[in-house]
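In what follows, a structure is listed as structure tokens, so that the remarks can point back to it.
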Amino acid sequence: MERETLLTMLVMIFGGCALQALACWPDPLSSTADAVALERAAWLRVCLPALPMLLIAAWLAGWALTQPDPVRVPLDPLVVVALWLPFGLLFLRALLRALWALLREPPECAVATVGLMAPQIVFSPFLARQLDEPVIRAALAHERAHGRHRDPLRIWLAQLITDLQWPWPQARRRLHVWLEALEWARDEEARRQGVEGSDLAAAVLASVRFLGALSVPQRAALSGTQVAHARLIGDGQALRRRIARLLTPLHARQQTEGRRAPALLVQAAVWIPLLLALLWLGILYGAPVMRPLLGLTA
Ligand SMILES: [Zn+2]
């Protein structure tokens, strides 16, 4: 069997097992008034189930580097395919959804930040005409905060990680908790820059009214969670909680001032050395583990 083909299948089987085992982890997240801390904790809970899969992939890649190409696997190919098939279909579904989110036309929306690599703000001129200037400024401050944190990319990654844990409802709950906390954190960041909470609340409610006037197919396009952009509003159920927070005086949560959620680059600086260490361990110790597992000769 081609070495790369075997490696891909093994990553899907072992990584998929680890993901599915962690997906059902209930992981309750206690609510806190500190939106930035809540967003950071919720983001980690979305991402952590994927970490063992990445570590396993790095370790297996290290092992594969020490193997001849093609690898002679004495296991019956039908057994390998039967083991791989459920995980292969799961990965295929998640990748197709991720690709669809990238390639589809952005749906009509009121205000949104779009673009994975270079986030841009999309503001409907029809909505802007209905809003006062302070409300427009508030909406833009919120969307700029999304852009600074590269939230469209993070939403896309979070959706991909969640799809890999299908069909566990706990994974979807972790995603929804994070998406709600994300909106709260960006609201708070905009308010720390001088935006009035009441103006932001007015922008949110105007967006809801604007979206309510859209046609049914347009609203259906917006309701999909795989949309790779950050919108000014979250889902409808979160609206009341969000407006209540926006109308709460900011001084009650001033302890978050000056703190920032770790940027993607900072997280990568932690994860990349860890993955390289596992790659190295796979090179050194992969063969003694994999040899009996796959029935390989020395
Ligand atoms: Zn938003």
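The values are calculated or read from the model by the stated rules, or taken from the named source; none is laboratory data. Keep in mind the model is a prediction, meaning the values are calculated, not measured. All Cβ positions, even for glycine, are placed from backbone atoms using ideal geometry, and neighbour counts span all protein chains on display.
Looking at this structure, is Val36 out of contact with any Phe, Trp or Tyr (no Cβ under 6 Å at 6 or more places or on another chain), without any contact (Cβ under 8 Å) to a residue 60 or more places away in the chain and surrounded by 19 or more Cβ atoms within 10 Å (Cβ to Cβ)? When the stated conditions are applied, Val36 does not pass them. Listed conditions (1) surrounded by fewer than 18 Cβ atoms within 10 Å (Cβ to Cβ); (2) among the charged types (D, E, K, R); (3) touching a residue at least 60 places away in the same chain (Cβ under 8 Å); (4) within 15 Å of the ligand (Cβ to nearest atom) are all met by Asp199, apart from (1).
Among the residues of region 119-134, just one is within 15 Å of the ligand (Cβ to nearest atom) and part of a helix (DSSP H, G or I), namely Leu127. Exactly one residue among Ala190, Ala202, Ala185, Ala206 is under 20 Å from the mean Cα position of the chain (by Cα) and part of a helix (DSSP H, G or I), and that residue is Ala185. Arg253 falls short of the stated requirement of being modelled with pLDDT under 70 and in contact with a Cys (Cβ under 8 Å, 6 or more places away or on another chain). Can you find a residue that is at pLDDT 90 or above, buried (at least 16 other Cβ atoms within 10 Å of the Cβ), over 25 Å from Trp166 (Cβ atoms) and hydroxyl-bearing (Ser, Thr, Tyr) anywhere in region 91-113? Within region 91-113 (the criterion being at pLDDT 90 or above, buried (at least 16 other Cβ atoms within 10 Å of the Cβ), over 25 Å from Trp166 (Cβ atoms) and hydroxyl-bearing (Ser, Thr, Tyr)), the answer is yes, since at least one residue qualifies. Pairs needed: first member in region 280-298, at pLDDT below 85; second member anywhere, in a helix (DSSP H, G or I); C-beta distance under 7 Å; at least 6 residues apart or different chains. Partner pairs satisfying both residue conditions: Leu296/Met290; Ala298/Arg291. Candidates Arg150, Arg191, Arg173, Arg144: the one that is surrounded by 19 or more Cβ atoms within 10 Å (Cβ to Cβ) and either away from the ligand (no atom under 15 Å from the Cβ) or within 18 Å of Leu246 (Cβ to Cβ) (or both) is Arg191.
The residues listed here are Ala181, Ala185, Ala138; of these, the one that is crowded, with 24+ Cβ neighbours inside 10 Å, closer than 18 Å to Val208 by Cβ, of a type in the set (Gly, Ala, Ser) and within 15 Å of the ligand (Cβ to nearest atom) is Ala138.
Taking only pairs six or more apart or across chains, which ones have beta-carbon atoms under 8 Å, a first residue in region 137-157 that is closer than 17 Å to Asp199 by Cβ and hydrophobic (A, V, I, L, M, F, W, C), and a second residue that is more than 11 Å from the ligand (Cβ to nearest atom) and in a helix (DSSP H, G or I)? Listed pairs, sorted by first residue: Ala138/Asp199; Ala138/Ala202.
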